[in-house]
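Worksheet for the structure shown next.
Bear in mind these aren't lab numbers, they're just calculated from the coordinates by the rules spelled out. Here the structure is a predicted model, which is why all the values come from computation and not from measurement. Cβ sites come from the backbone with ideal geometry, for glycine too, and all protein chains shown count toward neighbours.
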Amino acid sequence: MAENILILAPAPFDATPPDHGMLLKTLRERRFIADTLEINGALHYHPGEAFMTLITFLGCSPMIATGGKHNGEQSCHIAIEGPSAEPHFLAGDNLKIPRCPYCGHRYDDWQAVVNAWRAAPYAKMTCAECGETLSATQLRWRKCAGFGRLFIKVWGIFESEAVPSPNLLSLLESCSGTEWQHFYIRHN
């Protein structure tokens with residue numbers, strides 16, 4: 001079965017992530033997360049009472065399995081990965097070809113761009129079409145890939161089905177001292 005995941009991460013990619021314990025405490029206090037559950041040996045969280053107000057669902061009738069007998073990977077649950085010492089690149093099977101933010105040049109060989117970034121995350125590249133100097137993190141990944149040292153993963157959210165509310169983004173910013181971004185990945 002496919003995994004559909006909404007991911008939140010501090011922006012920019014190299015921002016100092018919030019303290020893991022403080023982030024968990026804040027998310028619990030604000031009722032974004034609730035009780036823990038274990039999935040494949042990893043600690044995850046059930047959505048809290050305020051989850052549906054901190055995530056804005058788009059469309060007229062979203063279907064979200066938040067617990068009960070739907071306790072597996074397809075139900076809505078949350079995990080926090082990180083912080084890690086080095087930034088990571090996350091993408092899924094829904095990845096769209098990234099483009100230059102200046103001229104729209106397609107980076108069909110995006111894997112080589114990501115591999116170069118992994119080898120030197122602060123190195124710049126030059127767009128072959130417009131000549132602008134930029135980083136792989138500046139490409140337009142169109143909300144289907146991202147970079148970071150800490151990720152909040154919300155399973156059970158289809159691409160563009162929901163977005164973090166301004167209240168959630170404000171909460172995360174106050175906890176971390178930096179803005180946050182979101183994107184979606186799907187694993188078939």
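What does the charge add up to near PHE13, with Lys and Arg as +1, Asp and Glu as -1, over the other residues with Cβ less than 11 Å from its Cβ?
Taking every other residue near PHE13 into account, the sum is -1.
What 222 nm value per residue comes from the helices of the chain, counting each DSSP H run with n ≥ 4 as -39,500 (n - 2.57) and dividing by all residues, nearest 500 deg cm²/dmol?
Calculated from helices alone, the mean residue ellipticity at 222 nm is -5000 deg cm²/dmol.
Radius of gyration and Dmax for the chain's Cα atoms, expressed in Å?
My reading of the Cα-based Rg and Dmax gives 17.1, 55 Å.
Please list, by residue number, every one of the trypsin sites (Lys or Arg not before Pro) in the stretch 83-188 that is coil in DSSP and has at most 11 other beta-carbon atoms within 10 Å.
LYS124
Quote the relative contact order of the chain in percent (integer), defining contacts as alpha-carbon pairs under 8 Å separated by 6+ residues.
The value is 40 percent.
Could you give the dipole magnitude of the stretch 97-140 about its Cα centre, charging the beta-carbon of Lys and Arg +1 and that of Asp and Glu -1, in debye to the nearest 20?
Roughly 140 debye for the stretch 97-140.
Alpha carbon centre of the stretch 154-185 versus the stretch 107-127: separation in Å?
A separation of 26 Å, based on Cα centres.
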